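Peer 1: Quick one: this structure, given as structure tokens, is what I'll be asking you about.
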């Protein structure tokens with residue numbers, strides 16, 4: 001009796017975990033596609049860190065949460081910002097110097113793990129977001145994989161197949177238990 005309760009409890013936990021994994025995969029894939037490549041959650045963008053320039057605070061392969069910049073001229077020394085270095089490159093580095101020239105603000109940046117400052121200053125209009133301090137180590141590798149065609153397909157199909165397979169096994173076990181209850185006990189010989 002106690003074994004059945006434990007088995008039911010474990011079965012419920014496995015089903016819940018598989019369902020939550022499926023929902024999370026759907027969120028990651030759909031959010032990535034809808035936002036043009038970067039998942040978003042509650043107004044924050046999730047960016048993948050591809051280099052070690054901000055280690056040890058932000059490790060390679062991590063995802064970080066950044067808040068999209070509205071006023072791009074009020075950042076201060078010490079803030080960590082995400083900016084466009086060129087048309088294809090997005091960088092997250094720390095501001096080491098702020099230079100104001102009328103309406104224009106120019107930032108000097110440096111990766112925490114780099115020995116020298118970045119060669120090119122960052123114009124305020126090139127700033128995309130400010131780092132919030134939230135980091136999930138190594139999850140960025142997973143996000144990058146999920147953004148590929150094969151990764152998207154696999155991450156949507158695999159949890160669904162696992163959930164379906166587990167459901168079939170659970171149904172099969174339930175039917176087997178019902179059949180066991182319906183089977184009459186073997187004839188017992190009566191001794192005289």
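Peer 1: Of all residues in segment 97-133, count the ones that are under 20 Å from residue 59 (Cα atoms), surrounded by 12 or more Cβ atoms within 10 Å (Cβ to Cβ) and in contact with a strand residue (DSSP E or B) (Cβ under 9 Å, 6 or more places away or on another chain). Steps first, answer last, please.
Peer 2: Kept after step one, since they are under 20 Å from residue 59 (Cα atoms), are these residues of segment 97-133: 109-118, 129-133.
After this cut, where a residue has to be surrounded by 12 or more Cβ atoms within 10 Å (Cβ to Cβ) as well, the list is 109-114, 117-118, 129-132.
Still in the list and also in contact with a strand residue (DSSP E or B) (Cβ under 9 Å, 6 or more places away or on another chain): 109-112, 114, 117-118, 129-132.
Of the residues in that region, 11 qualify.
So that you can scan it fast, the table gives a plain yes or no per residue for (1) within 22 Å of residue 167 (Cα to Cα); (2) modelled with pLDDT under 65; (3) surrounded by fewer than 14 Cβ atoms within 10 Å (Cβ to Cβ):
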{"site": "4", "(1), (2), (3)": "yes, no, yes"}
{"site": "8", "(1), (2), (3)": "yes, no, yes"}
{"site": "12", "(1), (2), (3)": "yes, no, yes"}
{"site": "15", "(1), (2), (3)": "yes, no, no"}
{"site": "22", "(1), (2), (3)": "yes, no, no"}
{"site": "25", "(1), (2), (3)": "yes, no, no"}
{"site": "29", "(1), (2), (3)": "no, yes, no"}
{"site": "34", "(1), (2), (3)": "no, yes, yes"}
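Peer 1: Select from segment 44-100 the residues that are over 16 Å from the mean Cα position of the chain (by Cα) and at positive phi and list them in ascending order.
Peer 2: Passing the criteria: only 78.
Peer 1: Inspect segment 135-150 for any residue being more than 30 Å from residue 15 (Cβ to Cβ), within 16 Å of the chain's Cα centre (by Cα), at pLDDT below 90 and outside any loop (DSSP other than H, G, I, E, B) and give the result as yes or no. Break it down stepwise before answering.
Peer 2: Taking segment 135-150 as the starting set, the residues that turn out to be more than 30 Å from residue 15 (Cβ to Cβ) are 135.
Now restrict to residues that are within 16 Å of the chain's Cα centre (by Cα): 135.
Those left that are additionally at pLDDT below 90: 135.
Subsequent filtering for residues that are outside any loop (DSSP other than H, G, I, E, B) retains 135.
Yes, some residue in segment 135-150 is more than 30 Å from residue 15 (Cβ to Cβ), within 16 Å of the chain's Cα centre (by Cα), at pLDDT below 90 and outside any loop (DSSP other than H, G, I, E, B).
Peer 1: Now for a separate question. Which residues, counting only those in segment 63-91, are touching a residue at least 60 places away in the same chain (Cβ under 8 Å) and within 23 Å of residue 141 (Cβ to Cβ)?
Peer 2: Within segment 63-91, the first condition is being touching a residue at least 60 places away in the same chain (Cβ under 8 Å), and the residues that meet it are 63-69.
Residues satisfying the conditions are 63, 64, 65, 66.
Peer 1: Then there is this: Just one of the numbered conditions (1) in contact (Cβ under 8 Å) with a residue 40 or more places away in the chain; (2) more than 26 Å from the chain's Cα centre (by Cα); (3) in a loop (DSSP other than H, G, I, E, B) is not true of residue 115; which one?
Peer 2: Only one criterion is unmet by residue 115, namely (1).
Peer 1: Okay, next question. Scan segment 176-185 and give yes if some residue there is outside the structural domain of residue 45 (by TED's automatic domain parsing), surrounded by fewer than 11 Cβ atoms within 10 Å (Cβ to Cβ), at pLDDT 80 or above and over 20 Å from the mean Cα position of the chain (by Cα), otherwise no.
Peer 2: Scanning segment 176-185 turns up no residue that is outside the structural domain of residue 45 (by TED's automatic domain parsing), surrounded by fewer than 11 Cβ atoms within 10 Å (Cβ to Cβ), at pLDDT 80 or above and over 20 Å from the mean Cα position of the chain (by Cα).
Peer 1: Does residue 125 meet the test of being at pLDDT 75 or above, not in a loop (DSSP other than H, G, I, E, B) and not assigned by TED's automatic domain parsing to the domain that holds residue 54? Please lay out each step first, then the result.
Peer 2: On the way: at pLDDT 75 or above: yes; not in a loop (DSSP other than H, G, I, E, B): yes; not assigned by TED's automatic domain parsing to the domain that holds residue 54: no.
Against the criterion (at pLDDT 75 or above, not in a loop (DSSP other than H, G, I, E, B) and not assigned by TED's automatic domain parsing to the domain that holds residue 54), residue 125 does not qualify.
Peer 1: If you don't mind, another one. Would you check if there is a residue in segment 89-99 being in the same structural domain as residue 60 (by TED's automatic domain parsing) and under 30 Å from residue 16 (Cβ atoms)? Give the derivation first.
Peer 2: Quick first cut of segment 89-99, residues in the same structural domain as residue 60 (by TED's automatic domain parsing) only: 89-99.
Then drop every residue that is not under 30 Å from residue 16 (Cβ atoms), which leaves none.
There is no residue in segment 89-99 that is in the same structural domain as residue 60 (by TED's automatic domain parsing) and under 30 Å from residue 16 (Cβ atoms).
Peer 1: Anything in segment 62-83 that is farther than 22 Å from residue 115 by Cβ and part of a loop (DSSP other than H, G, I, E, B)? List them, or say none.
Peer 2: Of segment 62-83, the ones farther than 22 Å from residue 115 by Cβ are 63-76.
Scanning segment 62-83 gives 69, 70, 71, 72, 73, 74, 75, 76.
The values are calculated or read from the model by the stated rules, or taken from the named source; none is laboratory data. Predicted model only: the values in this text are computed from it and were never measured. Backbone-built Cβ (ideal geometry, glycine too); neighbour counts: all protein chains shown.
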